[in-house]
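Asks: Below is a structure I'd like to ask you about.
The values are calculated or read from the model by the stated rules, or taken from the named source; none is laboratory data. Predicted model, so just to flag it, every value in this text is computed and none were measured. Neighbour counts are summed over all protein chains in view; Cβ atoms, including those assigned to glycine, are modelled from backbone coordinates with ideal geometry. To get the accessible areas, we keep the full protein, side chains included, count just its heavy atoms, and leave off ligands, DNA and RNA. Shrake-Rupley method; radii C 1.70, N 1.55, O 1.52, S 1.80 Å.
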Amino acid sequence: MTDNSVFNNKKVVFHTLGCKLNFAETSAIGKQLSDEGFFKVRPGEQADVCIINTCSVTDTADHKCRQAINRLNRQHPNAIMVVTGCYAQLKPEEISMIAGVDLVLGANEKFSILDHLQNLDNNQNAVVHRSEIAATHDFKPSCSRDDRTRFFLKVQDGCDYHCTYCTIPLARGKSRNASIDETVKMAQQAIAEGAKEIVLTGINTGDFGKSTGEKFFDLVKALDALPDEIRFRISSIEPNLLTDDMIAYVAQSKHFMPHFHIPLQSGSNEVLQLMKRRYNKEMFANKIESIKTAMPEAFIGVDVIVGVKGETDELFANALEFISSLDISQLHVFSYSERAGTTMLEIEHTVSNTERKRRSDVLHALSDKMTKAFYQNQIGKTANVLWESTHKDDKMVGFTENYVRLERSFDKSLVNSIHTVKMGDWNQDYSALKVE
Ligand code: SF4
């Protein structure tokens, strides 16, 4: 902390929406500010500065950002309100019109908040600083360390894919990353700060290496060679980037967990083509089979978007049949949301909001069935659980290697430690298995 900093003892409140990458970046910004003398406000205290890191993946996300801005503005009426993140990059003018907003910063400007705060004068109107994202080659490393147990390490940013429903490349720019050496150093830093588990996160994580001429698989191997007691999870990886070699490697690796999150988006080849995805359903099914053959206990979460333009009733029925045939553990279901600047808008056929809701409910019900079956199959088996610090009603939780949520009575001495346990029956609200 620099003694003569103009920000000494200033109070700041953060609000983050969206993906793990956003949380990692807010953490990095938080570190910059605390190094300059800022303190996080405690409940009931008035902040001098409010920082909102936004998401714009759907209309609902934009709406939630506006709600957060209004709420923080009511709670901290005298604070300087700074809005950044993907919504700020895509619609800065819209945000600058919201009452109480003082500073709107694009994705490139996110990490120079201190400079912009220092140069901010008492202008009535909101000031916007937002440069074109497309030309950005700048990779800003970030790691969230909010929870003592699990750290989210940003290893990649941006995306060079152009899925027809998605605005993320417009908000985050080209695929880029730090070098393998720098990334391993960031992981070692997190381990030195007490991390027992690190989640590798990005926008198109498997595309790591694009800006340094390296490969994601080589990063996995470099991290796996670390001598420490550390668990790694891959937050999400495109099916076409998850190679069979990588699956075989994770199956025998010391540090990488048998837990995969893979976006499918649709179970219909016709719809996958309309989305301009880079695989078909047969290739996706083979990937699942490869994982389950190499790691029968692996947890597999799959993203699906329902109600995209062109998804007729018949195509949805085919997709549902395909998804139901997969040996997976959970679905993350999203309802399609029209996004400005995306080519999917050119498709005439539209699914009504009522029908989108119906399809989403169908897949949520299927997901519940899949997750229950996966957990049921774990009862009586042995696993290594990492106990977390969060506890409620005298109970603490933790996750096994294959991402089974376990619960036991709270014991402070177990926080952030890994133990071999036998998985018992369901707890009362079917949110975890008890430890015998
Ligand atoms: S891979 Fe497709 S869906 Fe994912 S961020 Fe890139 S463009 Fe969007």
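Asks: Hey, can you tell me all the residues within the range 143-161 that are within 13 Å of the ligand (Cβ to nearest atom) and either of a type in the set (Gly, Ala, Ser) or not in a loop (DSSP other than H, G, I, E, B) (or both)?
Replies: Those that are within 13 Å of the ligand (Cβ to nearest atom) and either of a type in the set (Gly, Ala, Ser) or not in a loop (DSSP other than H, G, I, E, B) (or both): GLN156, ASP157, GLY158.
Asks: Output the residues belonging to the range 282-296 that are more than 16 Å from ASP245 (Cα to Cα) and open to solvent by less than 50 Å² (accessible area, probe 1.4 Å).
Replies: ALA285
Asks: Additional query: Checking the structure you have, find out if any residue of the range 70-80 is crowded, with 17+ Cβ neighbours inside 10 Å and either within 16 Å of the ligand (Cβ to nearest atom) or within 30 Å of LEU345 (Cβ to Cβ) (or both).
Replies: Within the range 70-80, none of the residues are crowded, with 17+ Cβ neighbours inside 10 Å and either within 16 Å of the ligand (Cβ to nearest atom) or within 30 Å of LEU345 (Cβ to Cβ) (or both).
Asks: For the range 278-335, enumerate the residues that are part of a helix (DSSP H, G or I), acidic (Asp, Glu) and farther than 30 Å from GLU346 by Cβ.
Replies: Listed by number, the list holds a single entry, GLU289.
Asks: Restricting to the range 355-389, name every residue that is among the acidic types (Asp, Glu) and not assigned by TED's automatic domain parsing to the domain that holds LEU326.
Replies: GLU388 - this is the single residue of the range 355-389 that is among the acidic types (Asp, Glu) and not assigned by TED's automatic domain parsing to the domain that holds LEU326.
Asks: May I ask you to list the residues in the range 162-220 that are within 11 Å of the ligand (Cβ to nearest atom), of a type outside the set (D, E, K, R), closer than 25 Å to ASP245 by Cα and part of a helix (DSSP H, G or I)?
Replies: Selection gives THR205, GLY206.
Asks: Next up: Evaluate the following for LYS140: is it touching a residue at least 60 places away in the same chain (Cβ under 8 Å) and away from the ligand (no atom under 16 Å from the Cβ)?
Replies: yes
Asks: Return the residues of the range 184-205 that are of a type outside the set (Val, Ile, Thr) and either closer than 10 Å to THR149 by Cα or open to solvent by 10 Å² or more (accessible area, probe 1.4 Å) (or both); say none if nothing qualifies.
Replies: Selection gives LYS185, MET186, GLN188, GLN189, ALA192, GLU193, GLY194, ALA195, LYS196, GLU197, GLY202.
Asks: If you don't mind, another one. Quick one: what pairs do we get from the range 272-290, first residue under 13 Å from ILE262 (Cα atoms) and in contact (Cβ under 8 Å) with a residue 40 or more places away in the chain, second in a helix (DSSP H, G or I) and more than 16 Å from the ligand (Cβ to nearest atom), C-beta under 6 Å, 6+ apart or different chains?
Replies: Partner pairs satisfying both residue conditions: LYS281/ASN269; LYS281/PHE322.
Asks: Right, here's the next one. In the list LEU153, LEU105, which residue meets the criterion of being within 22 Å of ALA47 (Cβ to Cβ) and either buried (at least 21 other Cβ atoms within 10 Å of the Cβ) or not β-branched (Val, Ile, Thr) (or both)?
Replies: On inspection, the qualifying residue turns out to be LEU105.
Asks: Can you confirm whether the range 257-269 contains a residue that is outside the structural domain of LEU200 (by TED's automatic domain parsing), without any contact (Cβ under 8 Å) to a residue 24 or more places away in the chain and out of contact with any Asp or Glu (no Cβ under 6 Å at 6 or more places or on another chain)?
Replies: yes
Asks: A follow-up question, please. Within the range 229-251, work out how many residues are open to solvent by 20 Å² or more (accessible area, probe 1.4 Å) and under 25 Å from GLU25 (Cβ atoms).
Replies: Qualifying residue count, the range 229-251: 3.
Asks: Next up: So how many residues does the range 364-416 have that are in contact with a strand residue (DSSP E or B) (Cβ under 8 Å, 6 or more places away or on another chain), without any contact (Cβ under 8 Å) to a residue 40 or more places away in the chain, hydroxyl-bearing (Ser, Thr, Tyr) and open to solvent by 50 Å² or more (accessible area, probe 1.4 Å)?
Replies: 1
To keep it simple, each residue is scored yes or no on (1) of a type in the set (Lys, Arg); (2) within 16 Å of the ligand (Cβ to nearest atom).
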site	(1), (2)
ARG233	yes, no
LEU241	no, yes
TYR249	no, no
MET257	no, no
LEU272	no, yes
ARG277	yes, yes
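Asks: With the requirement that a residue be open to solvent by 30 Å² or more (accessible area, probe 1.4 Å) and either in contact (Cβ under 8 Å) with a residue 60 or more places away in the chain or among the basic types (Lys, Arg) (or both), what does the range 115-137 give you?
Replies: Selection gives GLN118, ARG130, HIS137.
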